[in-house]
1. Specify which of the listed residues (G16, G37, G23, G29) is on the phi < 0 side of the Ramachandran plot and touching a residue at least 24 places away in the same chain (Cβ under 8 Å).
2. Just the residues that are of a type in the set (K, R) and either modelled with pLDDT of 85 or more or part of a helix (DSSP H, G or I) (or both), please, taken from the range 31-67.
3. Residues of the range 2-20 being among the aliphatic types (A, V, I, L, M) and more than 12 Å from the chain's Cα centre (by Cα), which ones?
4. If you go through the range 1-30, how many residues are modelled with pLDDT of 85 or more, closer than 24 Å to L51 by Cβ and not in a helix (DSSP H, G or I)?
5. Cβ-Cβ below 6 Å, separation at least six or inter-chain, first residue in the range 40-66 and without any contact (Cβ under 8 Å) to a residue 60 or more places away in the chain and exposed (fewer than 10 other Cβ atoms within 10 Å of the Cβ), second in a helix (DSSP H, G or I) and among the polar types (S, T, N, Q): which pairs?
Amino acid sequence: MTLIEPIMLVGAAIGGVVGAVWGFGSGVGWAAAGLLGGLVLGPVLLILLLLVLAMLLELRGKRSPERP
């Protein structure tokens with residue numbers, strides 16, 4: 001298993017739970033839709049977030065020792 005599979009599984013789990021919790025206030029149907037939407041969109045958004053963070057780290061560079 002490479003690094004991408006655990007990241008996608010974590011994104012699906014977090015996205016599914018968040019979608020279900022947000023949708024539950026509006027009814028069971030919205031909770032199911034939120035769960036499915038979170039399972040699909042969670043991994044995509046988590047990977048995009050990690051890519052943006054990696055780009056920002058690369059653009060900013062490493063900190064110098066004299067500036068903590």
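1. G16
2. R60
3. Answer for the range 2-20, where residues must be among the aliphatic types (A, V, I, L, M) and more than 12 Å from the chain's Cα centre (by Cα): L3, I4, A20.
4. Looking only at that region, the number is 0.
5. Within 6 Å, no pair qualifies.
The values are calculated or read from the model by the stated rules, or taken from the named source; none is laboratory data. Treat the numbers as computed from the prediction; the structure is a model and nothing was measured. Positions of Cβ are backbone-derived with ideal geometry, glycine not excepted, and every protein chain shown enters the neighbour counts.
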